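What follows is a single structure, written as structure tokens, with notes after it.
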Amino acid sequence: MTVWPLRHFHISRTGPVAPPMSKFSMDELVVTSAFRDWVTSSNLGQFSFKPVVKDHIVEMNWNLWDESSDTDVEIPRDVDNVEEYLSTLPHSEEASQALGELWEWIIPVGAIMDLDVPSPHYS
């Protein structure tokens, strides 16, 4: 496993919970430490990871939302741009710390990944 010392990917997102893997753009995959550990302990091949800088973490427990309820969701339904809306909310150092370390997963050039498959179970 290689950890790159060069440029860092900066993110803004919600916390204190993150899915094991998030796609931030066409080529930036961000993973949790648990997922990174699972990948590096598997026999999937050599992968590299770079630490992510958590610029703006908004406390929002999206994992607890009842999506069938209009009152449970913390983002107003009339918001057109969720990222822009989240940027108006305060940074939460507590939510940032609870996320733990996040990593940019560097996929080798030419690798093919199907991101529409179910996540593996790992501890």
Residues of the stretch 52-64 being outside any loop (DSSP other than H, G, I, E, B) and in contact with a Ser or Thr (Cβ under 9 Å, 6 or more places away or on another chain), in sequence order, are 54, 55, 56, 57, 58, 59, 62
If we scan the stretch 99-110, do we find a residue that is on the phi > 0 side of the Ramachandran plot, at pLDDT below 85 and not hydrophobic (A, V, I, L, M, F, W, C)?
yes
Can you tell me which residue in the stretch 23-37 is farthest from residue 96 (Cα to Cα), limited to those that are modelled with pLDDT of 90 or more and of a type outside the set (Val, Ile, Thr)?
37
Within the stretch 9-48, the residues that are among the polar types (S, T, N, Q) and either free of Cβ contacts under 8 Å to residues at least 12 places away in the same chain or farther than 18 Å from residue 91 by Cβ (or both) are 22, 25, 32, 33, 40, 41, 42, 43, 46, 48
Considering only residues that are hydroxyl-bearing (Ser, Thr, Tyr) and more than 22 Å from residue 63 (Cβ to Cβ), look in the stretch 15-50 and name the one that is surrounded by the most Cβ atoms within 10 Å (Cβ to Cβ).
48
How many of the residues in the stretch 65-87 are surrounded by 10 or more Cβ atoms within 10 Å (Cβ to Cβ) and either at pLDDT below 85 or in a strand (DSSP E or B) (or both)?
9
Can you name the condition, by its number, that residue 49 falls short on among (1) at pLDDT 85 or above; (2) in a loop (DSSP other than H, G, I, E, B)?
(2)
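The values are calculated or read from the model by the stated rules, or taken from the named source; none is laboratory data. As the structure is a prediction and not an experimental result, all values here were calculated from the model. Neighbour counts are summed over all protein chains in view; Cβ atoms, including those assigned to glycine, are modelled from backbone coordinates with ideal geometry.
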